[in-house]
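Colleague: Let me begin by handing over the structure; questions about it come next.
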Amino acid sequence: MPRPVAIKRDAGQEKAVADWIKAVVGEWPEDTLYEDVLKNGVLLCRFMNVLQPGSVTKINTSGANFKLMENITKLHNAFLNYGVDQVDVFQTNDLFEKRDLGAVTNTMFALDRAVGKHPEWTGARLQK
């Protein structure tokens, strides 16, 4: 069920998420908008595979929209398996159709809270 109101975007939080992804994955295309970098789910899936190796088995890097949307579905499963609460996970269209980027950012903050419950992760964190 879609939320009635989109979550307000926060440039500072988006920059923090971008910096976290760059610290973990080792890349972030600087000349590309936040929503465009994340839209197809590829970088987020790679990010999850660094946090929890093998959590996203096949990442579609090209193809029809439905193939790229599959990345986001796999990402959702990886989030849930890692310990992010279902209520904190953005909907596919929030990201793929750029409907609610605030929800995507909030999911990343929820992911960071889940990371805190994984003592095996010693890498970068979103929040100190």
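Colleague: Given the options 6, 23, name the one that is of a type outside the set (D, E, K, R), farther than 17 Å from residue 59 by Cβ and either crowded, with 17+ Cβ neighbours inside 10 Å or modelled with pLDDT under 95 (or both).
Modeller: 6
Colleague: Between a residue in segment 111-128 that is touching a residue at least 24 places away in the same chain (Cβ under 8 Å) and any residue that is part of a loop (DSSP other than H, G, I, E, B) and among the charged types (D, E, K, R), which pairs come within a Cβ distance under 7 Å, given they are 6 or more apart or on different chains?
Modeller: Partner pairs satisfying both residue conditions: 112/125; 115/125.
Colleague: Only one residue in 42, 87, 5 is among the β-branched types (Val, Ile, Thr) and within 15 Å of residue 111 (Cα to Cα), so which one is that?
Modeller: Only one candidate qualifies: 87.
Colleague: For segment 71-92, enumerate the residues that are without any contact (Cβ under 8 Å) to a residue 12 or more places away in the chain and either in contact with a helix residue (DSSP H, G or I) (Cβ under 8 Å, 6 or more places away or on another chain) or more than 23 Å from residue 116 (Cα to Cα) (or both).
Modeller: Hits for segment 71-92 are 80, 86.
Colleague: Mind checking which residues of segment 85-128 are in a helix (DSSP H, G or I), of a type in the set (Val, Ile, Thr) and farther than 23 Å from residue 66 by Cβ?
Modeller: 87, 105, 115
Colleague: I want to confirm something. Restricting to segment 79-95 and keeping residues that are surrounded by 18 or more Cβ atoms within 10 Å (Cβ to Cβ) and over 10 Å from the mean Cα position of the chain (by Cα), which single residue is nearest to residue 53 (Cα to Cα)?
Modeller: Per the stated criteria, the residue is 84.
Colleague: Kindly check whether there is at least one residue in segment 67-76 that is among the basic types (Lys, Arg) and touching a Cys at 6+ places or on another chain (Cβ under 8 Å).
Modeller: yes
Colleague: I've got another one for you. Keeping to segment 50-84, report how many residues are outside any helix (DSSP H, G or I) and of a type outside the set (Lys, Arg).
Modeller: Selection size over segment 50-84: 14.
Colleague: Looking at the structure I just gave you, is residue 47 in a loop (DSSP other than H, G, I, E, B), closer than 24 Å to residue 12 by Cβ and without any contact (Cβ under 8 Å) to a residue 40 or more places away in the chain?
Modeller: no
The values are calculated or read from the model by the stated rules, or taken from the named source; none is laboratory data. Given the structure is predicted, the values throughout are model-derived calculations rather than measurements. Neighbour counts are summed over all protein chains in view; Cβ atoms, including those assigned to glycine, are modelled from backbone coordinates with ideal geometry.
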